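One structure below.
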Amino acid sequence: MIGREAAWCLLTEFTQSESLRKHALAVEACMRACSRKFADGSTSAESGALGLSEEDLWGIVGLIHDFDYEKYPSLEDHPYRGNEILKERGWPEVIRRAIMSHAEYTGVTRDTLMEKALFACDELAGFITAVALIKPGKSLAEVDAKSVRKRMKDKAFARKVNRDDIVNGATALGVDLDEHIAVCIQALQGIAGELGLDGTAAGSHRN
C-alpha cells in the first residue's frame with residue numbers, strides 16, 4: 001500500500017539524520033498546505049487510483065522527495081538512485097516523476113501543479129526553518145513573511161539556500177511570493193513541535 005505510513009517508513013529506512021527528517025516533515029507540511037490552497041485537480045485521477053486524497057499525494061511527495069539524499073548525496077546519484085529504489089518497490093510514476101522534477105539538473109520538466117509546488121516549497125521550507133532558528137525564542141511563532149523577505153536579501157544568511165529557486169518557484173506556481181511564504185510559514189507553525197521550533201528548546205537552554 002502506498003500511503004503516508006509507507007512513506008514515513010521509507011524515509012526513516014534511508015535517512016537517519018534528524019535534521020533531514022525534519023526537513024522532510026517541513027516540506028510535507030508545506031505541500032499539504034499548498035494542496036489545500038492551490039490544487040487544481042490535475043492529480044486527482046492519480047491520487048484517486050492510489051486510494052489517496054490529493055492532499056495526501058502531495059504530502060507524500062514532499063515527505064520522501066529527498067529520502068535518498070543521505071546515502072546518495074552526489075549530483076550523479078540524487079535523486080536518480082531514489083527513483084530506481086522507488087521503481088523497484090512499486091511506487092507509482094506520478095510520485096517518482098514529481099521527485100525527479102524537483103532537481104533542476106535531471107531534465108525532468110515540472111508540468112503539474114504538484115511538481116511546481118514541490119520545487120516552490122523545498123528551498124523555502126529550509127529557509128523559513130533557518131529564520132526561526134535565529135529568533136530569540138527559536139520559534140516559528142516569531143517568523144512572518146516580512147522577516148523572511150528581509151533575510152532573503154542578506155546574502156551571508158543561509159547562503160546554501162538558492163534565493164532564485166524560491167522566487168522562481170512561486171512564479172511558476174502562479175502565486176505572489178509573500179502569499180506563498182505566508183502559506184508555508186503557517187504550515188510549519190502547525191508542526192512546530194515536531195520540528196523543535198515551538199519555543200520550548202530555547203526555554204530549556206535558559207533554565
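The values are calculated or read from the model by the stated rules, or taken from the named source; none is laboratory data. From a predicted model like this one, the values you see are computed outputs, not experimental measurements. Cβ: placed from backbone, ideal geometry, glycine included. Neighbour counts: every protein chain shown.
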Would you check if R96 is crowded, with 22+ Cβ neighbours inside 10 Å and of a type in the set (K, R)?
no
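Here is a yes/no grid of residues against (1) more than 23 Å from S19 (Cβ to Cβ); (2) touching a Lys or Arg at 6+ places or on another chain (Cβ under 7 Å); (3) among the polar types (S, T, N, Q); (4) buried (at least 19 other Cβ atoms within 10 Å of the Cβ):
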site	(1), (2), (3), (4)
E142	no, yes, no, no
K146	yes, no, no, no
L177	yes, no, no, yes
Q186	no, no, yes, no
Checklist entry - Do we find that D40 is modelled with pLDDT of 95 or more, among the charged types (D, E, K, R) and more than 15 Å from G82 (Cβ to Cβ) in this structure? => result no
Counting only residues that are over 18 Å from A103 (Cα atoms) and surrounded by 15 or more Cβ atoms within 10 Å (Cβ to Cβ), region 156-170 contains a total of 1
Residue pairs qualifying under the 8 Å Cβ cut-off, at least six apart or on distinct chains, with the first in region 165-189 being of a type in the set (S, T, Y) and the second being crowded, with 16+ Cβ neighbours inside 10 Å, are T171/L177
By residue number, the members of region 132-149 that are of a type outside the set (K, R), within 19 Å of A170 (Cα to Cα) and not in a loop (DSSP other than H, G, I, E, B) are A145, S147, V148
Listed by first then second residue, the pairs whose first member lies in region 35-49 and is over 23 Å from M1 (Cβ atoms), whose partner is of a type outside the set (D, E, K, R) and surrounded by 12 or more Cβ atoms within 10 Å (Cβ to Cβ), with beta carbons under 7 Å and at least 6 positions apart or on separate chains, are K37/V183; F38/L113; F38/A117; F38/L173; F38/V175; D40/L113; S42/T112; S42/L113
